[in-house]
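Novice: Sharing a structure, written as C-alpha cells. Questions coming.
The values are calculated or read from the model by the stated rules, or taken from the named source; none is laboratory data. In this text, all values refer to a predicted model and were calculated from it rather than measured experimentally. For neighbour counting, all protein chains shown are included, and Cβ atoms are generated from backbone atoms with ideal geometry for every residue, glycine included.
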Ligand SMILES: [Zn+2]
C-alpha cells in the first residue's frame, strides 16, 4: 500500500497557510506525472481542513482515477473560504470520501480528556448528518497526537491518519506524506518517497524537524522553520 498524500488548499485560498497553499497548475502537473508512473487507483489524495478551493482539485483527481478523501473541521463548515454543507454533499456524491479533522482544529496532544472526546465525537456527528453515512476516517490536526489521544481516536474511528509515513504498520493508522509549496514541483523526490518503503533522506529530515520542534524554544523553532521554508508558515487555527 502506498502512503497517502496530504494537500491543503489552492490558488491562495482565503485564510490558508502560504506554505501549504499550491497553485492548481502545480497540483495537476504533479498528479499527471504520478499517474503515468504509478496506478492512481492505489494512491489516495487527502485534503485537510476543508478549504473551498479543493473542489476542482478533487474533481480532477477523481477523473484521473485517484481515490480522494477530504478531512473536514466541523466548526469551519459554511465559513468564508471553507466548504459549505452543500459542497460536502456534492464532493461525497462524486465519490470523495469524507473524514473528520476534529471539531475546532486544536492540538489533540495537549487537550483534556473531556475536550478530546468532544473534538472526536461532535465532528463525526455533524459530518454524518450532512452525508447521511457513517464517517470512518479521522486525521489529527497538525498530525499531533499522543498515546492516549490515538487510543481514543481508534475507539471511535476505523482509520486514523497522521502526517508521517506509517513506520510501524500499526493497525488502523494511515501514514501520509505532506505536499507543500516547496516540495510540490520535485516530482521525482515524491515518486521515490511513494515507491520506496523508507527513503532514508526523507526520514532524516523528518527526524530533524521533530528533534528541533521538541527541544528548541518555540520562537527559535519558528524562526528556523521560516528560514528553511522561505515562506511564512502560520498557524491559521491558533491551536495553542
Ligand atoms: Zn489541519
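Novice: Check the stretch 75-86 and report whether any residue there is within 13 Å of the ligand (Cβ to nearest atom), over 19 Å from residue 6 (Cβ atoms) and either in contact (Cβ under 8 Å) with a residue 12 or more places away in the chain or under 19 Å from the mean Cα position of the chain (by Cα) (or both). Working first, answer last.
Specialist: Filtering the stretch 75-86 down to residues within 13 Å of the ligand (Cβ to nearest atom) leaves 75-76, 82.
Within this subset, residues satisfying the condition of being over 19 Å from residue 6 (Cβ atoms) are 75.
Narrowing further to those that are either in contact (Cβ under 8 Å) with a residue 12 or more places away in the chain or under 19 Å from the mean Cα position of the chain (by Cα) (or both): 75.
Checked against the condition, which is being within 13 Å of the ligand (Cβ to nearest atom), over 19 Å from residue 6 (Cβ atoms) and either in contact (Cβ under 8 Å) with a residue 12 or more places away in the chain or under 19 Å from the mean Cα position of the chain (by Cα) (or both), the stretch 75-86 yields at least one hit.
Novice: Next question, about the same structure. Could you list, in sequence order, all residues of the stretch 2-26 that are out of contact with any strand residue (DSSP E or B) (no Cβ under 9 Å at 6 or more places or on another chain) and outside any helix (DSSP H, G or I)?
Specialist: 18, 19
Novice: Further question on the same structure: Go through the stretch 173-203 and report how many residues are without any contact (Cβ under 8 Å) to a residue 40 or more places away in the chain and in a loop (DSSP other than H, G, I, E, B).
Specialist: Residues that pass the stated criteria total 6.
Novice: Let me ask something else. Given the options 133, 122, name the one that is touching a residue at least 12 places away in the same chain (Cβ under 8 Å), more than 16 Å from the ligand (Cβ to nearest atom), over 21 Å from residue 5 (Cβ atoms) and part of a loop (DSSP other than H, G, I, E, B). Give the steps one after another, and end with the answer.
Specialist: On the way: 122 fails: part of a loop (DSSP other than H, G, I, E, B).
The conditions single out 133.
Novice: Can you tell me which residue among 79, 89 is touching a helix residue (DSSP H, G or I) at 6+ places or on another chain (Cβ under 9 Å) and either part of a loop (DSSP other than H, G, I, E, B) or modelled with pLDDT of 95 or more (or both)?
Specialist: So the residue among 79, 89 that is touching a helix residue (DSSP H, G or I) at 6+ places or on another chain (Cβ under 9 Å) and either part of a loop (DSSP other than H, G, I, E, B) or modelled with pLDDT of 95 or more (or both) is 89.
Novice: Just checking, which of 30, 45 is assigned to a strand (DSSP E or B), in contact with a strand residue (DSSP E or B) (Cβ under 9 Å, 6 or more places away or on another chain) and in contact (Cβ under 8 Å) with a residue 40 or more places away in the chain?
Specialist: Matching residue, one of 30, 45: 45.
Novice: While we're here: Quick one: which of 206, 212 is part of a helix (DSSP H, G or I), closer than 24 Å to residue 26 by Cα and modelled with pLDDT under 90?
Specialist: After applying the criteria, what remains is 206.
Novice: Follow-up question, since we're still on this one. Give the residue, chosen from 38, 94, 43, that is crowded, with 18+ Cβ neighbours inside 10 Å and away from the ligand (no atom under 14 Å from the Cβ).
Specialist: Result of the check over 38, 94, 43: 43.
Novice: When you look at residue 27, is it within 16 Å of the ligand (Cβ to nearest atom), crowded, with 18+ Cβ neighbours inside 10 Å and at pLDDT 95 or above, yes or no?
Specialist: In short, no.
Novice: Looking at 2, 60, 20 in this structure, which one is surrounded by 14 or more Cβ atoms within 10 Å (Cβ to Cβ) and within 16 Å of the ligand (Cβ to nearest atom)? Don't jump to the end; show me each part of the working.
Specialist: Working: 2 fails: within 16 Å of the ligand (Cβ to nearest atom); 60 fails: within 16 Å of the ligand (Cβ to nearest atom).
Answer to the check: 20.
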